[in-house]
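These notes are about the structure you will find just below.
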Amino acid sequence: MSQEKKLIIRMLGSFSLTWEGNMVREEDSRSRKMWLLLARLIYCRNRHISQEELIKLLWEDEPDIVNPYGALKTTLHRLRSQLSALEMPQELILRKEGTYAWNNDIPIDCDMDQFEIFCKESQAAADPDETLALCLQALALYQGDFLPRLSMESWVVPISAYFHNQYLENAETALTLLEERGRFDEVVDICRSALLLEPYSESLYCHLMHGYVAMDQRDAAVSAYEELSHLLLENFGIMPSEETRKIYRDIMRRDNSQMMPIDAIRDQLREEHPEPGALFCEYDAFRIIYHTMARTIARTGDPVHIAILTIKGAAGKSLSNRSRDLAMKNLQNHLISSIRSGDVATKCSNTQFIVLLPRANYENSCMVCARIIRAFFRKHPHSPADISYIVQALEPSAEPAFRGTVEGA
């Protein structure tokens, strides 16, 4: 018995129709309205759609369009002409009494439908192995979000969000079950694929880090944390959560199973090519240095101050992301070159740096900040940024904070 022929429809990650090896793809035509019309007819294929509804769909932002019914007829003609390349035995779009509908007499294989079936079955499955198998089938089918080229259409937005969330739920379930089974290579593969669609997910990065550690790829796990930290800081001005930082610290604390001689340990710790100027490090490393210094001064009483330098727009204006990022990059260079080699600095948000100034009193610390800012504006006199600073003693009982601002020309 011959297998029933089906029209293959793909709407997740791309939009295409295939019949017997003949394919039409969204990217083959520049007519956005034509593909928007087709997508609506397919998605609402169990009902007839009035001309008025289709006109509103296609020209909602063009209320002054002349002869909308004629424009709809033209768009439908172009769509049918495009679909003729499939060489279908029947018309795909039917017209009846002023309405249009998809021809449901033609069997279809739609990724959107199958994905939803896998998701529902995985949630209902009682056996963990069956749940995992169904989740993996769903993930393999999900090649991207629903109709990405039409993602700004009001009716597409909630549908895309629904499928996206279903995908992430299946990914989380599959990752947990794969970890329990020790299939960490698959964990890493799924995380990397999912992060292309959900790039700021700490949960996915945590799974990824666990996967790399289990596969004895410590450097890759550390790189994954640094990648997440950079993304969150650059885009949201925040650091990873304490839970994520704990995973990172655990990775960094993992020791070699063999005893190491002191010379080997010293060689590992030695800074091979020390750069001139201050030590610039990641925020987590800065926190450890900060805690160490706080304990040291409790015993010695030596003066230590911290300074926070903040970039903002001049005269209360907002900086564009490009101007902000450029100013931060330039200020970082001045920080490293303008303060002592024993000082430590880090980036603590997408507009701020924090500097640790050992053996510097309050007045000297303020002078250091002012010097850094003056050097910045001497080299970048046309920068649209203002830079403010706040200086405070490391101990809470020290003198109150001093705030100052040095503006550009």
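Shape verdict for the chain, please, from the Cα gyration tensor: rounded (a/c under 1.5), prolate (a/b greater than b/c) or oblate. It is oblate, given that a/c is not under 1.5 and a/b is not larger than b/c.
Take the residue pairs 5/33; 5/73; 33/56; 312/379; 73/96 and return only those whose Cα atoms are more than 23 Å apart. Where the Cα-Cα span goes over 23 Å, the pairs concerned are 5/33; 5/73. Classify the stretch 21-64 as rounded, prolate or oblate, taking a ≥ b ≥ c as the square roots of the eigenvalues of its Cα gyration tensor: rounded when a/c is under 1.5, otherwise prolate if a/b is larger than b/c and oblate if not. Here the stretch 21-64 falls in the oblate category. Estimated at 0.36 nm per residue, the fully extended path between residue 241 and residue 32 surpasses their Cα-Cα distance by 71.1 nm. Residue separation of residue 69 and residue 181 scaled by 0.36 nm, minus their Cα-Cα distance, works out to 34.4 nm of gained length. Per-residue 3J(HN,Hα) values for the stretch 283-297, derived from phi via the Karplus relation 6.51 cos²θ - 1.76 cosθ + 1.60 with θ = phi - 60°, read 4, 5, 5, 4, 4, 5, 4, 4, 5, 4, 5, 4, 5, 5, 6 Hz in sequence order (x marks Gly and Pro).
Sequentially through the stretch 376-392, phi angles give Karplus couplings (6.51, -1.76, 1.60; θ = phi - 60°) of 4, 6, 5, 7, 10, x, 9, 4, x, 8, 10, 10, 10, 9, 9, 10, 8 Hz, Gly and Pro residues having no value and appearing as x. Ranking 231, 171, 39 by how far each Cα lies toward the positive end of the dipole of the chain (charges on Cβ) leaves 231 at the top.
Helix 111-124 and the long axis of the chain differ in direction by around 70°, with both axes built from C-alpha atoms. The phi torsions of the stretch 90-95, fed into the Karplus equation with coefficients 6.51, -1.76 and 1.60 and a -60° offset, translate into couplings of 9, 5, 7, 10, 10, 10 Hz, rounded to whole numbers, with Gly and Pro shown as x. Given their separation in residues at 0.36 nm each and the Cα-Cα distance between them, residue 378 and residue 359 gain 4.1 nm when the chain is fully extended.
Given +1 at the Cβ of Lys and Arg, -1 at the Cβ of Asp and Glu and no other charges, the dipole of the stretch 292-354 around its Cα centre is 200 debye to the nearest 20. About the centre of its Cα atoms, the chain shows a dipole size close to 1700 debye [charges on the beta carbon of Lys, Arg (+1) and Asp, Glu (-1) only; nearest 20 debye]. Scanning residues 5 or more positions from residue 110 or on other chains, those with amide H under 5 Å from its amide H are 9, with H placed 1.01 Å from N in the peptide plane.
With one equal scatterer per alpha carbon and no solvent term, the Debye-computed log10 I(q)/I(0) for the stretch 25-145 at 0.17, 0.18, 0.19, 0.23 1/Å reads -0.93, -0.99, -1.06, -1.33.
Computed from Cα atoms, the angle from the helix 242-253 axis to the main principal axis of the chain rounds to 60 degrees.
Spin-label pair residue 288-residue 332: with each label point 7 Å from Cα along the Cα-Cβ axis, the two points sit 2.0 nm from one another.
Read-outs throughout are calculated quantities, based only on the coordinates presented, and are distinct from any laboratory measurement. No experiment lies behind these values; they were computed from the predicted model shown. Counting neighbours? That spans all protein chains shown, and the Cβs are built from the backbone with ideal geometry, glycine included.
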